[in-house]
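Asker: Sharing a structure with you now.
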Amino acid sequence: MRFLIPLLLALAASLFATGVNAQQFNSDNQWVAPHGVATLVPTVGEEYAQMYFTAALIPEWEFNAQFTHYYDDPRTDSDSYTVTNLYAKHRISQNEAETQGYAFMFGTGLFPGHLDQGQITQGFDTFWANGIATYGWANDRLLLDVLPGVLYNQDIDGTGESGWGFTWSSRLAIYDVIPSSALVGEVFGTEGEASSPASYRFGVRYEQKKWLLSATYSNAFDGSTGAGFELGIMYFTEPRFCFRGCF
């Protein structure tokens, strides 16, 4: 039953979509939505469900609000709770094909994969920033995203003590193995005083011109935590809002 509400939200988003793209990875690429476009991303998994909204209010910028609801987990003896992540993303440069380039992100809160339920539970106590570099080979049949970053947590594990962490994340997408799809693998984690276990995620991303769908599996390398199986879609609106005219 705990999957029912997020699953219905996901189905509703797909019904009203004008364009869809699946994204439930901790890594990201350099691409920024065109000015005036909004996105809605629902995902549902074994450990948590999430919804986040993106608005490209300014050219080369995205502004994001992400809400992740964790179910109660007997492994960590934790009750269900919801974490919010607010952040901005800016594209620095990219190639003509819009497949490779550089960007950066910063915000308050945490992506699910960088949150360890035993250590970091208060999202707005944490501030973070990371760079994004996307590289391609073999006519973009191999795309690699690399995201080094830092975070500062003001209250680790409710102790009142602050600490720094180094976040790392990398994602590889392989095309032309399955028609209209990409095989995707990812590793990520946080090291330092504020930490989370090294984890992995892999799956398939089915891609069409207007929409994409992802199915993934994620876990920590030590088996301590992870999203498990997860489904996600991403909804793009047509350009409808701007501060100074779209395009």
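The values are calculated or read from the model by the stated rules, or taken from the named source; none is laboratory data. The structure displayed is predicted, hence computed values, not measured ones. Here Cβ is always computed from backbone atoms with ideal geometry, including for glycine, and neighbour counts include all displayed protein chains. Heavy atoms of the whole protein, side chains included, go into the accessibility calculation; ligands, DNA and RNA do not. Shrake-Rupley method; radii C 1.70, N 1.55, O 1.52, S 1.80 Å.
Asker: Any residue that is part of a loop (DSSP other than H, G, I, E, B), touching an Asp or Glu at 6+ places or on another chain (Cβ under 8 Å) and at pLDDT below 90 - is there at least one of those in the range 194-216?
Answerer: Yes, the range 194-216 contains at least one residue that is part of a loop (DSSP other than H, G, I, E, B), touching an Asp or Glu at 6+ places or on another chain (Cβ under 8 Å) and at pLDDT below 90.
Asker: Could you please tell me which pairs satisfy a Cβ distance under 7 Å, a separation of 6+ or placement on different chains, a first residue in the range 195-219 that is over 18 Å from Thr43 (Cα atoms), and a second residue that is acidic (Asp, Glu) and surrounded by fewer than 21 Cβ atoms within 10 Å (Cβ to Cβ)?
Answerer: Pro197/Asp222
Asker: Which condition number does Pro148 fail, the rest of (1) within 15 Å of the chain's Cα centre (by Cα); (2) within 26 Å of Val44 (Cα to Cα); (3) open to solvent by 30 Å² or more (accessible area, probe 1.4 Å) being met?
Answerer: Failing condition for Pro148: (2).
Asker: Give the range 185-199 a look and list any residue that's open to solvent by less than 10 Å² (accessible area, probe 1.4 Å) and more than 14 Å from Phe221 (Cβ to Cβ), or say none.
Answerer: The answer is Ala194, and nothing else.
Asker: Within the range 217-228, can you find the residues that are at pLDDT 85 or above and either part of a strand (DSSP E or B) or surrounded by 16 or more Cβ atoms within 10 Å (Cβ to Cβ) (or both)?
Answerer: Listed by number, the residues that qualify are Tyr217, Ser218, Asn219, Ala220, Gly228.
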